[in-house]
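The values are calculated or read from the model by the stated rules, or taken from the named source; none is laboratory data. Small disclaimer: the values here were computed from a predicted structure and weren't measured. Please note: Cβ atoms are built from the backbone with ideal geometry, for glycine as well, and neighbour counts cover all protein chains shown. In case anyone asks, the SASA skips ligands and DNA or RNA and just uses the protein heavy atoms, side chains included. Shrake-Rupley method; radii C 1.70, N 1.55, O 1.52, S 1.80 Å.
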Amino acid sequence: MKLSEFVKKIIKDFLLIFALIIIIITILRQMYYPDEAFDLKSIYIIMAFALLSASIGFILYSPNDLSEKNMRIRMILHFFTLEILLISLSSVFGIVESPSDGIILAVQIAVIYFFVRFLSWKRDQKEAQEINEKLNAWKKDIPQ
């Protein structure tokens, strides 16, 4: 993967993570705290954490093709790095004040990570299908 493509992917992931966090928090607030609104500080914190989450995607970057096993290892390393980094920063900034808050945050991070990975997988699957359709059309145009 070229570096420019990787930077585009990081930006897309940032926007996706930010949107998912805002959507999930909005839904949960409607259920549990309907009168509470977003303040600008909260949006900036969410944006910073989403940017940090997307930027550590460099763990997944390689200019060369990786084997499936190496890519899985990098995904696991990326996930645990993300969990540790975000929970540590949250406790430093006072967002997480108890072990139960840390566990809840870890689960939230895992759910959002799953959604991002799932949507990326669906996008890759769609691109692969488009490539296969183009190859099949190309094969039909070649005289036998």
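How much accessible area does residue 21 have with a 1.4 Å probe, in Å² rounded to the nearest 10?
30
Once both axes come from the Cα atoms, what is the angle between helix 68-92 and the longest principal axis of the chain, in degrees from 0 to 90, rounded to 10?
Helix 68-92 and the main axis of the chain meet at about 20 degrees.
Mind jotting down the distance between the C-alpha centroids of the stretch 68-144 and the stretch 2-44, whole Å?
Comparing the Cα centres of the stretch 2-44 and the stretch 68-144, I get a distance of 15 Å.
Do the alpha carbons of any pairs in 69/134; 8/69; 12/126; 9/126; 9/122 sit beyond 20 Å of each other, and which pairs? Could you put the intermediate results ahead of the total?
On the way: 69/134 29 Å; 8/69 24 Å; 12/126 16 Å; 9/126 16 Å; 9/122 14 Å.
Too far apart for the 20 Å limit: 69/134; 8/69.
Run down the aspartates and glutamates and flag those whose C-alpha is under 18 Å from the C-alpha of residue 140, throwing out any fewer than 8 positions away in its chain.
130
Report the per residue volume, in Å³, of the convex hull enclosing the C-alpha atoms of the chain.
On the way: hull volume 21.7 nm³, N = 144.
It is 151 Å³ per residue.
What's the long-distance tail for the stretch 39-124, i.e. % of Cα pairs beyond 15 Å? Kindly include the intermediate steps, with their values, before the conclusion.
On the way: 2376 of 3655 pairs.
Percent of Cα pairs beyond 15 Å in the stretch 39-124: 65.
What figure in square angstrom, to the nearest 10, would you give for the accessible area of residue 81 with a 1.4 Å probe?
Spelled out: residue 81, probe radius 1.4 Å, area about 50 Å².
Go through 75, 31, 47 and list them by solvent-accessible area, largest first, probe radius 1.4 Å. Before the final figure, lay out each step's value.
On the way: 75 50, 31 115, 47 70 Å².
Greatest to least solvent exposure: 31, 47, 75.
Counting other Cβ atoms within 10 Å, keep those with at most 14, restrict to DSSP loop, and tell me which GluC sites (Glu not before Pro) in the stretch 40-144 are left. If you can, show how the numbers build up before the last one.
Values: sites: 68, 83, 97, 127, 130, 133; in loops: 97.
Counting only loop positions with at most 14 other Cβ atoms within 10 Å, the GluC sites (Glu not before Pro) in the stretch 40-144 are 97.
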